[in-house]
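Novice: After the structure tokens below, expect a handful of questions from me.
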Amino acid sequence: LEREKRKMKLIVKRQERLLFFCFGILLNLAEQLEIERKMVKRGIVGLLVGVLVLTLPDLLSLVLTFLRKLSLFEECKDAMGQEEAPERATRLISAEQDEGVSLAALRLLFNLSFDPKLCRAMVRAGVVQKVVPLLRTPALRAIILRLLYHLSADERHRVAFASTEAANFVMRLVVNFPKPVLNLE
């Protein structure tokens, strides 16, 4: 049984590396808008969202970057909502996760946060509770503050902030800011 488990882990690792290579090629091909539209028509969004359950950090970063690129188009954004992309991307945000994966997931969520329906999906998935502890990470702070701003714009979402330290942390950032003029975030 132990030998079979090791064999399965090796097979999964090889599969993830192959997927990384294939999606990397597709991302490079998607630089041409016409080819990108053909990929979207053939259901690339569903395939990419399906890959978000795997574990290889390089593959996850690549797929999240690809999804972020596609999220600029209305039909892709809607498809991501149907495929539960906000929920899956939210699961990838944590202190234990690779920082590159968390940053890519946050960037995708920020692009999706312009849609009110997807904002509701993010709040239901618990994105506020997941990102507030990461405010202590300087590399992620700017994108987290932007995302939290988008989420707090709707009154219904502000309840999610009540059980977190978000307001206190932001207040400390403002009070202890080293320069006389605050950054936009």
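The values are calculated or read from the model by the stated rules, or taken from the named source; none is laboratory data. Not measured: the values here are computed from a predicted model. All Cβ positions, glycine included, derive from the backbone under ideal geometry; neighbour counts span all protein chains shown. Areas reflect the complete protein model, heavy atoms only, side chains present, ligands, DNA and RNA absent. Shrake-Rupley method; radii C 1.70, N 1.55, O 1.52, S 1.80 Å.
Novice: Ignoring ligands and nucleic acids, what accessible area does Ile25 show with a 1.4 Å probe (Å², nearest 10)?
Specialist: Only protein atoms counted, so the area is about 80 Å².
Novice: Please report how far the C-alpha centroid of the stretch 116-185 lies from that of the stretch 1-73, rounded to the nearest whole angstrom.
Specialist: Spelled out, the Cα-based centre of one part sits 29 Å from the other.
Novice: Give a residue-ordered list of calculated ³J(HN,Hα) values for the stretch 22-28 (Karplus: 6.51 cos²θ - 1.76 cosθ + 1.60, θ = phi - 60°; whole Hz; x for Gly, Pro).
Specialist: Computed from phi, the couplings for the stretch 22-28 are 5, 5, x, 5, 4, 5, 5 Hz.
Novice: Let me know the whole percent of all Cα-Cα pairs from the stretch 48-108 that are separated by more than 12 Å. Kindly include the intermediate steps, with their values, before the conclusion.
Specialist: Details: 1125 of 1830 pairs.
Looking at the stretch 48-108, the distances longer than 12 Å represent 61 percent of pairs.
Novice: With +1 on the Cβ of every Lys and Arg and -1 on the Cβ of every Asp and Glu, and nothing else charged, how large is the dipole of the stretch 1-140 about its Cα centre, in debye rounded to the nearest 20? Kindly include the intermediate steps, with their values, before the conclusion.
Specialist: Details: 23 positive and 17 negative charges, 87 e Å.
Dipole magnitude for the stretch 1-140 comes out near 420 debye.
Novice: What are the equivalent ellipsoid semi-axes of the stretch 124-171, built from the alpha-carbon gyration tensor (square roots of five times its eigenvalues), in whole angstrom, biggest first?
Specialist: Working: eigenvalues 55, 23, 21 Å².
So the equivalent ellipsoid measures 17, 11, 10 Å along its semi-axes.
Novice: Rank Thr55, Thr137, Thr65, Thr90 by accessible area, highest first, at a 1.4 Å probe radius?
Specialist: Values: Thr55 100, Thr137 40, Thr65 60, Thr90 0 Å².
Listed by decreasing accessible area, they come as Thr55, Thr65, Thr137, Thr90.
Novice: I'm checking a number: the convex hull volume of the Cα atoms of the chain, normalised per residue, in Å³. What is it? Let's see the in-between values first.
Specialist: Values: hull volume 27.1 nm³, N = 185.
So the per-residue Cα hull volume is 146 Å³.
Novice: What is the diffusion coefficient of the stretch 85-145 in µm²/s, taking the Kirkwood radius over Cα pairs and the Stokes-Einstein relation at 4 °C with a viscosity of 1.567 mPa s?
Specialist: Taking Rh from Cα pairs, D becomes 115 µm²/s.
Novice: Find the relative contact order for the chain and round it to a whole percent, using C-alpha pairs within less than 8 Å whose residues are 6+ positions apart. Walk me through the numbers before you get to the answer.
Specialist: Numbers: 158 pairs, mean separation 28.3, N = 185.
Worked out over the chain, it gives 15 percent.
Novice: Multiply the residue gap between Lys9 and Asn28 by 0.36 nm, knock off their C-alpha separation, and tell me the result in nm, one decimal place.
Specialist: On the way: separation 19, 0.36 × 19 = 6.84 nm, distance 2.86 nm.
Roughly 4.0 nm would be gained on extension.
Novice: Where does helix 138-152 land angle-wise versus the long Cα axis of the chain, in degrees 0 to 90, nearest 10?
Specialist: 80
Novice: What shape does the stretch 104-185 have by the C-alpha gyration tensor, where a ≥ b ≥ c are the square roots of the eigenvalues, rounded means a/c under 1.5, and otherwise prolate means a/b greater than b/c and oblate the rest? Walk me through the numbers on the way to the answer.
Specialist: On the way: a/c = 1.84, a/b = 1.56, b/c = 1.18.
Because a/c hits 1.5 or more and a/b exceeds b/c, the stretch 104-185 counts as prolate.
Novice: Which value, in Å² rounded to 10, gives the accessible area of Asp58 with a 1.4 Å probe and all protein chains present?
Specialist: 100
Novice: Could you run the Karplus curve 6.51 cos²θ - 1.76 cosθ + 1.60 with θ = phi - 60° over the stretch 6-21 and give me ³J(HN,Hα) per residue in whole Hz, x for Gly and Pro?
Specialist: 5, 5, 5, 4, 5, 5, 5, 5, 5, 4, 5, 5, 5, 4, 4, 4
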